[in-house]
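These notes concern the structure reproduced below.
The values are calculated or read from the model by the stated rules, or taken from the named source; none is laboratory data. Because the structure is predicted, anything quoted here is derived from the model rather than measured. Cβ sites come from the backbone with ideal geometry, for glycine too, and all protein chains shown count toward neighbours.
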Amino acid sequence: MSVGDQIAEHLPYLRRFARAVTMSQECGDAFVVSTLEAILKDPAIFASDLPPRVALYKAFLDVVNGSAPIGNGAERSSHPGLAAIRRNFNALAPKARQAFLLVCVEEFAPHDAALVLNIDACELQGLIDEAGREIARQMATDVIIIEDEPLIALDLERIVSELGHRVAKIVRTEGQAIEAVKHLRPGLVLADIHLADGSSGLDAVNKILNTLSVPVIFVTAYPQLLLTGARPEPTFLITKPFHPENVKSVISHALFLDVRGLPRERHSALA
C-alpha cells in the first residue's frame, strides 16, 4: 500500500485534530498541507516502523512544534460552545494541550500518544495531569454522584476532589438524584445505572436533562446496556472497575469541551 493510501483514511481526523491544536480551521489546515508537503519531500518523515495513524500524527506534530505558526489564528466562530472550547484550549500549555487531545479526544492509546509526541509514558501522564489540573482550575464545579455502592461513591468523591471540584451530594436512588439536581444545579453528574432501590440511573439522567443542560458521565459495570448501537449512546462512559486516572481524564474531557454550550445530542444520555 502506498504512503498516500495509508494517509488518506486518517486525513479527516487529522484535520479535526489540527484545528483543535491550532485553534483555527485556516491555520490547522495550513499545517496539514505543510505536513503532506514535508512527507512528499522526505518520505522518511512518515515513519514506516509505526502504524500509519501514529506516523501521520507524529509527522504533523513534528511540523507544528518545529515551525513558525501559519496564518494569523484570528478565525472566529459565532457558536458559543465552540467559543468556550477556544478559550479553554488557550488556557493550556501547547504540549499539555496536544497530549490531552491525543488521548481524550483522538482516543490514542497512551503508548501510541507517547510515540506521537516523542516522549515516554511517564512524561505523557504528567502532561495529561497538568491539563486536567488546569481545566479544573479554570472550570471548578459542583458535582453530584449517583451511586448506591458506598466504597465506589467514596472513590469517586476522592477523585473528583483531587481534581479540584466539589462534591455537592452523593445520592443512591433515582428520586434522590432528581431532587438533588433540582436544588443544587451541579455542573457535572456522575451516574451509575442500577441504583439502591431498584430504580434506574438512566431514567434519572433522562429526567434531569429535561430540566437542566449538564454534562453526564456514566460509571457502570454494564456498558452493554448503553452501547447497543440501536439508539443514541452517551458521550461519556466509564466501565467498572475503573482506573482513577481514566476517571480524571474523562471528567476533564467532559468539562473541557463545555458540552453545556453545545447541542443536546452531544451530552445527553439516551434521548
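A compact table of results
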item	result
Top-ranked residue in the range 102-122 [being β-branched (Val, Ile, Thr) and either within 15 Å of residue 65 (Cβ to Cβ) or surrounded by fewer than 22 Cβ atoms within 10 Å (Cβ to Cβ) (or both); ranked as farthest from the chain's Cα centre (by Cα)]	119
Scope the range 158-209; condition assigned to a loop (DSSP other than H, G, I, E, B), under 21 Å from residue 135 (Cβ atoms) and among the aliphatic types (A, V, I, L, M); matching residues	163
Qualifying positions in the range 32-69 - outside any helix (DSSP H, G or I) and without any contact (Cβ under 8 Å) to a residue 12 or more places away in the chain	42, 48, 49, 68
Candidate set: the range 3-29, residues that are outside any helix (DSSP H, G or I) and at pLDDT below 85; chosen: the one surrounded by the most Cβ atoms within 10 Å (Cβ to Cβ)	24
Matching entry among 242, 218 (being under 27 Å from residue 125 (Cβ atoms), modelled with pLDDT of 80 or more, among the aromatic types (Phe, Trp, Tyr) and part of a loop (DSSP other than H, G, I, E, B))	242
Members of the range 156-190 found to be under 17 Å from residue 240 (Cβ atoms) and touching an Asp or Glu at 6+ places or on another chain (Cβ under 8 Å), listed by number	156, 170, 172, 190
Test: residue in the range 224-231 that is at pLDDT 90 or above and outside any helix (DSSP H, G or I)	no
Residue, surrounded by the fewest Cβ atoms within 10 Å (Cβ to Cβ), within the range 136-152, restricted to residues that are assigned to a helix (DSSP H, G or I) and either modelled with pLDDT of 90 or more or of a type in the set (Val, Ile, Thr) (or both)	151
Hits in the range 14-30 (condition: closer than 21 Å to residue 43 by Cα and touching a residue at least 24 places away in the same chain (Cβ under 8 Å))	14, 18, 30
